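Scroll down for the structure; my scribbles are underneath it.
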Amino acid sequence: MNIAWKLAAALVLGAVLIGEASADRTAGEIVRQRCQKCHGLEGRSSDPEFPKLAGQNADYLTRQLANFKTGVRTSKRMKERVADLTGGEMRALALYFSEQELGPGAAADTAAVERGRRIYFSGNSANGVTACTTCHGPQGRGAIYLPRLAGQHAKYLAAQLRAFRDQSRSSPNMVMHTVVENLSEPEIEAVAQFLSTME
């Protein structure tokens, strides 16, 4: 093979590799096409049925997207939206949302917020409820695979706590099932309202 043919072959191979490397859609494209209707363009959803994704831990978001795709976490709506996403696209989405700013929500019931604060930081020894801060931290920002709860919609948080309590939402290590099994309805509402006011 002469030098001209070698050069042509190298150029073709390079073009193919570049095409493969850039095959993933950008996070911005995916957000505009699939995410913004429910979660908002910058992850600050206005509908409390849908979680705010802005400021969420990137590793946690990546894992949840993968869980929706594989069926570990069930949601017909989410499964349809992530079905064809690559690992790189899911990671890009997670990083995009994690970098957005999220502020606290407004408190609806100051007495409930104060009760929620006590449960979050101290638990409730009377019914065996562990303090939430043990895992989610004093600022409610979680850790590598634990979600940020601070600033989240109270309605969404309460719904997720109930789902863990009745075990309709699964968790890989099932810790949340045990943590919330003794939470009463007023306690769930109080913790959710408190968290929604955190920054």
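Every number in this text was worked out from the coordinates using simple rules, so none of it is lab data. On a predicted model such as this, the values are computed, not experimentally measured, just so you know. When we count neighbours, we look across all protein chains shown, and the Cβ atoms used for this are built from the backbone with ideal geometry, even at glycine.
Just a few scattered comments:
- Per-residue Cβ neighbour counts within 10 Å put Phe97, Phe68, Phe121, Phe50 in the sequence Phe121, Phe50, Phe68, Phe97, beginning with the fewest.
- Computed over the chain, relative contact order equals 23 percent, with contacts defined as Cα pairs under 8 Å that lie 6+ residues apart.
- Here the simple spin-label model places points 7 Å from the Cα toward Cβ, and for Ala83 and Leu41 these points are separated by 2.8 nm.
- Relative to the longest principal axis of the Cα atoms of the chain, helix 185-197 runs at roughly 60 degrees.
- Relative to the longest principal axis of the Cα atoms of the chain, helix 110-122 runs at roughly 70 degrees.
- Cβ crowding within 10 Å ranks Thr133, Thr110 as Thr110, Thr133, fewest other Cβ atoms first.
- Taking Ser75, Ser196, Ser125 and counting other C-beta atoms within 10 Å, the order from fewest to most: Ser125, Ser75, Ser196
- The Ala111 and Glu29 beta-carbon pair, evaluated with R₀ = 35 Å, returns a calculated FRET efficiency of approximately 0.15.
- Using a cutoff of 8 angstrom between alpha carbon atoms and counting only pairs six or more residues apart, the relative contact order for region 100-170 works out to 21 percent.
- Nearest-ten-degree value, helix 58-70 long axis tilted from longest Cα axis of the chain: 80
- Here the alpha carbons of region 76-149 define both size measures, Rg and Dmax, at 16.9, 47 Å.
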